[in-house]
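Here the structure comes first, spelled out in structure tokens, and everything after it is commentary.
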Amino acid sequence: MVVPVLNRGSRMRSLLPMVVGMTGWFWRFHGGGRNLVNSPDAERGLHGAVMAGWIEEQAPEPIQSLLFDLLDTWQSDPERPTSLLWHSIAQALVAEGCFDAEVACWEALSGLAAGEPAVLCRLAEAHGRRGDTAAARAALAGVPPHHPSRVQSLLLRMELGESSCADELIPALLARPAWEPAHHQLVRRLVAAGMAARASGFLAAWTAARPADGVGMLLELGWLAMHVGDAAAARDLFQRLWALNDPDITGVAGCFDGSIPPYTPEVEASILARVEAAFALPESGLARVTLADGPLPSLKVMFVGFERLALPNDLAEHFRRAAQAAGVDFSLYLDNAIVFSHEFRGGDDAVRDRVAAFEAALDERRPDMVILDSAYMPSQRGLRPERMRDLADRLGFHLVCMMRDALDSTLPYLLAWAPVADTILTYDPHCALLRPDHAAFHSKVLVTLPPAQHLSAEGANRDMGLLFVGANTYGVRNMLLSVLMTEDIPFTAIIGERRAVETPDMDSYATALGRARAVLNVAAHSRSEFLVTGRVFESIACGAVLLEQDNAGTASFFTPWRHYLPWTHVADIVQLCRFVERNPDLAARMAAEARGWLDRNYDCRRFWASLLGRHHVPAKGRSPA
């Protein structure tokens with residue numbers, strides 16, 4: 001049977017009767033559509049026709065052209081399987097924020113392959129993204145035991161809260177000959193369900209039977225060992241990576257030969273000499289990013305961002321407290337459905353309703369400046385650049401697009417929002433947007449530190465030595481932590497699931513920093529990219545000595561060896577920790593000096609003067625709405 005290649009256009013509607021008729025023929029011929037492999041040409045023709053009709057009739061109009069391009073690409077290569085067509089279309093729908101359409105897409109395939117377990121798993125995932133757990137469970141109930149999709153269905157059921165699925169999953173995955181993404185997912189599901197001990201046992205059983213090799217495998221297994229709380233096992237795995245002397249690893253984590261040199265008088269003298277030299281510098285020779293210092297204009301400001309992801313929105317709280325301290329008329333509008341909407345478990349109509357509610361709030365409050373937490377890729381779901389520009393022009397507010405982590409990986413987000421922004425707020429003087437090839441946007445960029453002067457830990461009982469609080473999602477960062485957690489130093493790491501328990505909000509986080517004599521920060525995200533993170537200014541504000549990975553960004557705001565102690569290798573961290581413990585008076589002097597520098601140069605009023613002062617600055621390079 002020869003089926004014509006279906007192209008987009010008005011003639012698509014004339015082909016729909018053929019599609020419907022062919023579907024009926026195909027089901028009759030193959031007994032309900034299950035035995036598709038006996039006629040590959042007919043199968044491809046049927047799936048192509050059904051997909052073309054589905055795009056025309058059900059796909060959101062703004063992305064139909066994209067979906068037809070994917071269909072054309074698939075049709076151009078007869079070796080591409082039908083499953084690839086549906087997966088590529090579904091992935092595009094998710095990327096574009098069309099969650100309802102993704103469900104409809106998998107339901108359309110279900111009509112061709114009724115009861116097919118692999119399709120039911122994909123349909124359950126789509127329902128889960130929309131927050132429809134009942135529909136997800138109903139789909140997964142159709143996956144029979146002993147089917148190849150059984151493992152994936154059990155993992156999805158664990159994500160929906162059915163922790164008893166672990167009893168079947170653990171032996172099933174231990175019996176598989178090679179490591180798969182399902183193994184990784186199981187470990188994370190077990191930890192999330194409060195079964196870290198079972199996760200650790202599973203990981204230990206796997207690595208004992210099948211020793212890891214290869215950089216990627218060692219990094220993944222080491223990360224998982226840290227995630228289950230076994231720092232010693234992680235250190236053993238990571239040590240094999242350090243031994244490779246791979247520049248992509250040493251450029252982030254430094255070098256480590258497996259042992260830390262002893263702390264000697266010569267080590268201490270070397271550190272003291274650097275500290276004394278830094279304190280001998282005149283104030284005019286200290287690092288400084290100059291912020292505005294003048295009266296604050298009387299403007300109404302609205303901060304728009306997500307409410308919480310793994311933790312509450314920390315920058316929203318910094319802005320709120322700093323505005324209160326500086327006397328700025330400030331309001332928050334936090335809603336995951338409109339910002340980071342891919343993380344919102346709900347249907348597309350619910351998102352549109354929330355966007356409409358936000359627009360009504362804008363119309364009612366009439367802010368002079370809107371600060372948008374724009375560290376996400378816009379899609380059809382949530383706030384979009386062109387709509388925000390239209391609202392700014394109609395309501396007359398100055399649009400500030402804030403980029404919390406201005407890395408190469410987030411540059412597409414920056415470039416998506418930069419054309420419509422009046423001001424681009426970043427905390428890194430070396431962010432990717434400031435490179436010469438993006439010169440059209442440079443006049444929009446404001447570099448500052450997030451306002452943290454409101455944090456304080458005066459009179460705190462500093463009963464912890466060195467502290468690290470942060471995400472453990474970055475594999476190479478865990479290499480450092482695994483060594484520190486297994487060395488004989490006073491080190492505490494609040495990572496992974498512990499963060500939500502011990503530092504669930506700004507106050508508990510500040511309390512933890514206030515208890516620490518020193519705080520560790522890891523700035524590197526690749527061998528060539530470093531980030532000025534929140535721990536820099538938060539640690540200094542809370543009066544702890546900052547142990548910061550040596551980088552030019554932080555050294556633009558503060559002076560190393562005077563305001564913080566820089567490190568390059570993991571051995572440096574251990575020696576600096578010992579130095580702080582052996583020199584409490586000098587450590588206290590450094591912490592006070594750094595806090596004083598923060599107060600004199602990066603206080604809440606200067607932050608707001610710099611930002612609000614841009615209200616009347618014309619935005620160059622702005623795209624029309």
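The values are calculated or read from the model by the stated rules, or taken from the named source; none is laboratory data. From a predicted model like this one, the values you see are computed outputs, not experimental measurements. Glycine gets a Cβ as well: all are built from the backbone with ideal geometry, and neighbour counts include every protein chain shown. Protein only, heavy atoms only, side chains kept; ligands, DNA and RNA dropped before computing areas. Shrake-Rupley method; radii C 1.70, N 1.55, O 1.52, S 1.80 Å.
A few points about this structure:
- Number of positions in the stretch 146-167 that are small (Gly, Ala, Ser), part of a loop (DSSP other than H, G, I, E, B) and open to solvent by 50 Å² or more (accessible area, probe 1.4 Å): 1
- Any chance Ala457 is in contact (Cβ under 8 Å) with a residue 24 or more places away in the chain and of a type in the set (A, V, I, L, M): yes
- None of Glu180, Glu162, Glu116 is among the acidic types (Asp, Glu) and under 24 Å from the mean Cα position of the chain (by Cα) except Glu180.
- In this entry, Ala92 is excluded by the filter for residues that are hydrophobic (A, V, I, L, M, F, W, C), crowded, with 22+ Cβ neighbours inside 10 Å, modelled with pLDDT of 95 or more and within 25 Å of the chain's Cα centre (by Cα).
- Options Ala337, Ala375, Ala350, Ala310: the member that is without any contact (Cβ under 8 Å) to a residue 60 or more places away in the chain, open to solvent by 10 Å² or more (accessible area, probe 1.4 Å) and outside any helix (DSSP H, G or I): Ala375
- Checking each residue in the stretch 250-270 for being over 16 Å from Trp567 (Cα atoms) and in a loop (DSSP other than H, G, I, E, B) picks out Asp257, Gly258, Ser259, Pro262, Thr264.
One line per residue, one yes/no per condition, for (1) over 24 Å from Pro367 (Cα atoms); (2) hydroxyl-bearing (Ser, Thr, Tyr); (3) modelled with pLDDT of 90 or more:
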| residue | (1), (2), (3) |
| --- | --- |
| Met403 | no, no, yes |
| Ser409 | yes, yes, no |
| Ala421 | no, no, yes |
| Thr426 | no, yes, yes |
| Asp437 | yes, no, yes |
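- Filtered residues of the stretch 72-114 (kept if part of a loop (DSSP other than H, G, I, E, B), within 21 Å of Gln380 (Cβ to Cβ) and among the small types (Gly, Ala, Ser)): Gly97
- Check on Ala253, touching a helix residue (DSSP H, G or I) at 6+ places or on another chain (Cβ under 9 Å), modelled with pLDDT under 95, of a type in the set (A, V, I, L, M) and surrounded by 15 or more Cβ atoms within 10 Å (Cβ to Cβ): yes
- Residue pairs whose Cβ atoms lie under 7 Å apart, sitting 6 or more positions apart in sequence or on different chains, and linking a residue in the stretch 170-199 that is open to solvent by less than 50 Å² (accessible area, probe 1.4 Å) to a partner that is assigned to a loop (DSSP other than H, G, I, E, B), are Val187/Val228; Val191/Val228; Ala196/Val228; Ala196/Gly229; Ala199/Val228.
Results for (1) touching a Phe, Trp or Tyr at 6+ places or on another chain (Cβ under 7 Å); (2) open to solvent by 10 Å² or more (accessible area, probe 1.4 Å); (3) not assigned by the TED database to the domain that holds Ile495, shown as yes or no for each residue.
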residue	(1), (2), (3)
Arg535	no, yes, no
Phe558	yes, no, no
Tyr564	yes, no, no
Ile573	yes, no, no
Asn583	no, yes, no
Trp597	yes, no, no
Cys604	no, no, no
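- Unique residue being surrounded by 22 or more Cβ atoms within 10 Å (Cβ to Cβ), in contact (Cβ under 8 Å) with a residue 24 or more places away in the chain and more than 32 Å from the chain's Cα centre (by Cα) when the list is Leu71, Leu46: Leu46
- Residues located in the stretch 396-409, provided they are out of contact with any helix residue (DSSP H, G or I) (no Cβ under 6 Å at 6 or more places or on another chain), open to solvent by 20 Å² or more (accessible area, probe 1.4 Å) and not in a loop (DSSP other than H, G, I, E, B): Ser409
Quick grid of which residues meet (1) at pLDDT 95 or above; (2) part of a helix (DSSP H, G or I); (3) of a type in the set (S, T, N, Q); (4) closer than 19 Å to Leu547 by Cβ:
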site: Val187; (1), (2), (3), (4): yes, yes, no, no
site: Arg235; (1), (2), (3), (4): yes, yes, no, no
site: Asn245; (1), (2), (3), (4): no, no, yes, no
site: Asp248; (1), (2), (3), (4): no, yes, no, no
site: Leu272; (1), (2), (3), (4): yes, yes, no, yes
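- In the stretch 442-468, residue farthest from Ile494 (Cα to Cα) [restricted to those that are among the aliphatic types (A, V, I, L, M) and open to solvent by less than 10 Å² (accessible area, probe 1.4 Å)]: Leu449
- So Ala139, is it without any contact (Cβ under 8 Å) to a residue 40 or more places away in the chain, crowded, with 23+ Cβ neighbours inside 10 Å, of a type in the set (A, V, I, L, M, F, W, C) and not assigned by the TED database to the domain that holds Asn336: yes
- Taking the criterion of being within 16 Å of Pro566 (Cα to Cα) and aromatic (Phe, Trp, Tyr), the only residue of the stretch 578-600 that qualifies is Phe579.
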